[in-house]
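Colleague: Here it is: the structure, laid out below.
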Amino acid sequence: MTKGKRTYPVVTILRWLWHSSSYNRLQAVLNTVIGLAEVAVSLAQVWAVKHAIDVASHNTDGDVVTAVVLIGGLILCNFCLSIASAWVRNILGVRAQNRMQQMMLSRILRSEWRGRDQMHSGDVINRLEADVTNVVNFVAETLPNAISVFVLFLGAFIFLFTLDHMLALIIVCTFPIFLALSKVYMGKMRQLSRDVRESDSQVQSILQESVQHRVLVKALEGEDMMVERLEEQHHTLRHNVVRRTKFSVLSNLIVNLGFAFGYLMAFGWSALRLSAGTLTYGGMAAFLQLVNKIQNPARNLSKLIPQFVAVFTAAERLMMFEDIPLEEQGEAVMLQGVCGVRFENVSYAYPDDRKRLIVNRLSFDFRPGTCTAIVGETGVGKTTLLRMILALVKPTEGRVTIYNNDETQTVSPLTRCNIIYVPQGNTMLSGTIRDNLLLGNPDASEQEMNEALAKACADFTSKLPQGLDTPISENGTGLSEGQAQRICIARALLRNCSLLILDEATSALDPQTEQRLLKNILDDKSHTVIFITHRPAVLEYCDAALDLTDSGRRHDVREGTTNTQTDNCD
């Protein structure tokens with residue numbers, strides 16, 4: 001993922017928002033209907049109050065009790081509409097937000113990895129939570145509210161126009177000035193809001209790293225340093241919030257002063273007409289209510305502008321996910337039997353540093369049914385080779401294929417179904433041991449899970465009080481590193497694929513357990529096994545070793561010979 005402050009054209013953002021609205025259009029429609037009903041009730045209340053006052057002052061014929069009952073009925077309608085609005089917002093709003101988060105997460109997981117994650121995971125989570133909420137609220141609530149505001153303004157203007165043509169036109173003529181100022185306001189607020197959101201993401205990144213690696217922080221006595229880093233970022237966030245708030249307060253002050261002047265002008269004008277006998281008491285009450293209902297939409301519009309700015313900022317941050325191309329999609333390509341992997345004159349460099357080749361003209365054949373160790377110093381390309389087999393990255397040059405006796409396929413996301421992969425480090429997820437095992441095969445039976453655990457020398461789980469339902473915390477807290485590593489291997493074995501990749505997967509095991517585990521995996525010759533390892537004991541079980549430090553040569557371990565037919569690898 002690429003980090004950056006990219007700015008998209010307004011039309012592009014609006015098009016993206018329209019597409020995103022498919023997840024909550026029902027909520028948007030219901031909110032619009034409720035909003036229009038509230039406008040109708042509000043204007044009806046203006047007429048009902050005018051009518052009641054005119055009846056009470058004997059300027060109009062009618063029954064006072066009936067007029068008051070009508071006002072009460074309209075007030076009750078308002079209560080009912082408010083309840084309906086809250087119900088729609090809380091029930092449908094959560095569902096719409098959940099759907100959009102699922103869509104964005106799916107997009108992230110299915111996108112190309114590109115070799116390096118440049119967007120911090122804390123920033124990603126911040127976007128999936130805060131920015132998704134902003135977008136959903138905008139589409140489902142802000143836009144319907146804007147429609148209601150416009151209809152209220154139009155209805156109030158028509159009503160006022162029937163009472164006083166001149167004042168209605170004077171009030172409306174001030175709106176072009178307001179709209180011109182709004183455009184300037186939106187441009188400035190958009191930048192200020194973007195700065196606040198970026199600062200907020202940085203704060204969440206520091207918080208996540210500090211909590212995730214708190215044992216390391218404690219061991220290095222880095223508590224004060226991490227708190228100081230957080231305080232520095234908090235200072236930046238506060239500074240950006242203060243800048244945005246100052247601008248917003250000043251803008252609102254200017255707008256509200258204009259509204260206040262308009263209301264005083266309307267009050268003075270209606271008082272003069274009342275004094276001259278050209279306006280009734282009820283008419284004056286209606287007059288002032290209508291002026292207020294014309295000004296309120298404008299005031300609400302000034303409140304909507306920051307929401308428009310916020311959603312534009314949120315949409316830009318979410319649209320960055322969609323700038324990353326998707327991996328190849330389609331039906332998985334499963335090869336029958338035991339598969340091999342072949343590198344043919346393969347080179348690789350990261351996209352942002354094409355001159356530095358991590359792998360240079362490597363040719364190598366991991367033959368079906370063999371066990372090969374990839375060895376070499378740190379940084380020579382061992383993990384990069386595995387990522388190319390997994391199609392996480394594509395070779396800059398050359399070709400990587402997976403094959404059996406009958407067919408050969410260029411590796412792609414569609415060939416991952418043939419691969420069992422156990423990464424280095426603790427990769428346990430929070431939940432239960434069963435939850436972690438089912439990640440390898442959601443359809444695995446109890447017997448299959450127990451067999452995989454036994455093969456991975458992890459049958460200690462049967463002695464735990466809750467067995468497979470034993471809860472574990474994030475990163476396998478509650479288990480030793482060796483126990484967690486063996487459960488991870490069992491989880492991978494449940495995939496029942498022919499190509500097994502182990503990236504330092506036995507580093508936390510004692511020699512005896514490691515020997516038993518390797519014997520269990522290798523004895524039946526049902527896998528092509530690729531190790532990344534620094535442990536000499538593992539080499540004893542391998543047929544060959546690919547030493548990337550030693551010019552990428554193949555060493556036939558059991559025969560003690562070296563195959564020099566491969567090209568160089570840096």
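Colleague: Mind listing whichever residues of the range 129-150 are at pLDDT 85 or above and either among the aromatic types (Phe, Trp, Tyr) or within 11 Å of the chain's Cα centre (by Cα) (or both)?
Modeller: Hits for the range 129-150 are 131, 132, 133.
Colleague: Okay, next question. For the range 333-357, which positions are of a type in the set (D, E, K, R) and either closer than 16 Å to residue 392 by Cα or under 31 Å from the mean Cα position of the chain (by Cα) (or both)? Don't jump to the end; show me each part of the working.
Modeller: Just the residues of the range 333-357 that are of a type in the set (D, E, K, R), to begin with: 342, 344, 352-356.
Residues satisfying the conditions are 352, 353, 354.
Colleague: Now a separate question. Identify all residues within the range 83-99 that are open to solvent by less than 80 Å² (accessible area, probe 1.4 Å) and modelled with pLDDT of 85 or more; write none if there are none.
Modeller: The answer is 84, and nothing else.
Colleague: Suppose we filter 55, 65, 39, 69 for residues that are touching a Gly at 6+ places or on another chain (Cβ under 7 Å), over 23 Å from residue 152 (Cβ atoms) and not polar (S, T, N, Q); which single one remains?
Modeller: 55
Colleague: Another question, if that's okay. Please go through (1) surrounded by fewer than 22 Cβ atoms within 10 Å (Cβ to Cβ); (2) more than 18 Å from residue 500 (Cα to Cα); (3) not charged (D, E, K, R) for residue 433 and return the number of the only condition it doesn't satisfy.
Modeller: Residue 433 satisfies all of (1) surrounded by fewer than 22 Cβ atoms within 10 Å (Cβ to Cβ); (2) more than 18 Å from residue 500 (Cα to Cα); (3) not charged (D, E, K, R) except (1).
Colleague: Against the conditions (1) buried (at least 17 other Cβ atoms within 10 Å of the Cβ); (2) more than 33 Å from the chain's Cα centre (by Cα), where does residue 467 fall short? Just the number, please.
Modeller: Condition (1) is where residue 467 drops out.
Colleague: Ok, one more. If I filter the range 102-121 down to residues being of a type outside the set (Gly, Ala, Ser) and surrounded by 17 or more Cβ atoms within 10 Å (Cβ to Cβ), which single residue comes out as nearest to residue 133 (Cα to Cα)?
Modeller: The extreme case among them is 104.
Colleague: Are there strands (runs of 3 or more DSSP E) fully within the range 303-407 with at least 1 residues that are in contact (Cβ under 8 Å) with a residue 24 or more places away in the chain, among the basic types (Lys, Arg) and open to solvent by 10 Å² or more (accessible area, probe 1.4 Å)? List them.
Modeller: Counting at least 1 such residues, we get 340-348, 359-366, 397-403.
Colleague: Restricting attention to helices (runs of 4 or more DSSP H) lying wholly within the range 10-118, give those where 2 or more residues are without any contact (Cβ under 8 Å) to a residue 60 or more places away in the chain and closer than 30 Å to residue 325 by Cα.
Modeller: The qualifying helices (runs of 4 or more DSSP H) are 10-20, 93-109.
Colleague: Of the residues that sit in the range 243-267 and are of a type in the set (Gly, Ala, Ser) and farther than 23 Å from residue 43 by Cα, which one is modelled with the lowest pLDDT? Full working, then the answer.
Modeller: Step one: list which residues in the range 243-267 are of a type in the set (Gly, Ala, Ser), which gives 248, 251, 258, 260, 262, 266.
Now narrow it down to the ones that are farther than 23 Å from residue 43 by Cα: 248, 251, 258.
Values: 248: 76, 251: 72, 258: 67.
Checking each candidate, the answer is 258.
Colleague: Restricting to the range 504-556, and then to whatever is part of a strand (DSSP E or B) and modelled with pLDDT under 80, can you tell me which residue is farthest from residue 384 (Cα to Cα)?
Modeller: Of all residues in the range 504-556, those part of a strand (DSSP E or B) come to 528-532, 544-547, 553-556.
Checking the rest, the ones that are also modelled with pLDDT under 80 come to 553-556.
Details: 553: 17, 554: 18, 555: 20, 556: 22 Å.
For the range 504-556, the residue satisfying everything is 556.
Colleague: Is there a residue in the range 409-422 that is in contact (Cβ under 8 Å) with a residue 40 or more places away in the chain, among the polar types (S, T, N, Q) and part of a loop (DSSP other than H, G, I, E, B)?
Modeller: yes
Colleague: Further question on the same structure: Can you spot a residue in the range 402-417 that is charged (D, E, K, R) and either in contact with a Lys or Arg (Cβ under 7 Å, 6 or more places away or on another chain) or farther than 27 Å from residue 494 by Cβ (or both)?
Modeller: No, the range 402-417 contains no residue that is charged (D, E, K, R) and either in contact with a Lys or Arg (Cβ under 7 Å, 6 or more places away or on another chain) or farther than 27 Å from residue 494 by Cβ (or both).
Colleague: Return yes when residue 515 is free of Cβ contacts under 8 Å to residues at least 24 places away in the same chain and either open to solvent by 10 Å² or more (accessible area, probe 1.4 Å) or touching a helix residue (DSSP H, G or I) at 6+ places or on another chain (Cβ under 9 Å) (or both) and no when it is not.
Modeller: Details: free of Cβ contacts under 8 Å to residues at least 24 places away in the same chain: yes; either open to solvent by 10 Å² or more (accessible area, probe 1.4 Å) or touching a helix residue (DSSP H, G or I) at 6+ places or on another chain (Cβ under 9 Å) (or both): yes.
So residue 515 fits the description; yes.
The values are calculated or read from the model by the stated rules, or taken from the named source; none is laboratory data. Because the structure is predicted, anything quoted here is derived from the model rather than measured. We place every Cβ from the backbone using ideal geometry, glycine too, and count neighbours over all the protein chains shown. The accessibility values were calculated without ligands, DNA or RNA, using every heavy atom of the protein model including side chains. Shrake-Rupley method; radii C 1.70, N 1.55, O 1.52, S 1.80 Å.
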